[in-house]
Amino acid sequence: MINLSYSWESRRYPRPKRSELKKLAAKAAELAGLPTDMDWELNIRFVGDREMARANEEFVGHIGTTDVITFSYFDDAENLFPGETAVELIICMDAAKREGESREDSDYSREMVLYLVHGLLHSAGEDDLSPAPRRRMRRRENEVLAGLSPEFDFQTVFPSAEQ
């Protein structure tokens, strides 16, 4: 069973409904190929640009903001205790707003779900650092999003600030 803990570090964006976010995250993790036969925790920090830029420099060594940072402990899954944090994500709400506004086929809510899916796919072993793995990652993102969209209204999970 996947347990969810999260922090919402913004007053600018409406907080997601915990029960909907938990269901969406569990289904996304399953579709991404993460273990469903063990008890583990997914911890998510939702942050703005300033905090994401700080985390990006501290943890990744890159200057500036980014969309999502992933920490996965499944490489050492046999040493995870039941209920222990196995995946940590830092997701940037400001990046989701910018990208959602700049793309005709997206919006803030879809970008937030995409970043969640992207981080979970990294945790499942997907990579996007070179062209072939990047194509596979994009294909898998689309597959997982397609698997989620019949069951979830992304705008209900992540309402935009305008609603």
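Values in this text are rule-based calculations from the coordinates and carry no lab data. Bear in mind that the values here come from a model prediction, so they are computed numbers and not experimental data.
Couple of notes before you dig in:
- Nearby aspartates and glutamates by direct alpha-carbon distance to Lys97 (threshold 16 angstrom, same-chain neighbours under 8 apart not counted): Glu9, Asp49, Glu51, Asp67, Asp105, Asp107, Glu111, Glu162
- Gap separating the Cα centres of region 32-70 and region 98-118, nearest whole Å: 16
- DSSP bridge pairs, the chain: antiparallel proportion in percent, nearest 5: 25
- The distance from the alpha carbon centre of region 124-144 to that of region 6-26 is 25 Å, rounded to a whole number.
- Most fluctuating residue given options Pro131, Pro35, Pro14, as computed from a GNM of the chain linking Cα atoms under 10 Å: Pro131
- Net length gained if the chain between Asn142 and Asp105 were fully extended (0.36 nm per residue, minus Cα distance): 12.1 nm
- Stokes-Einstein diffusion coefficient of the chain, Kirkwood radius over Cα pairs, 20 °C, 1.002 mPa s, in µm²/s: 134
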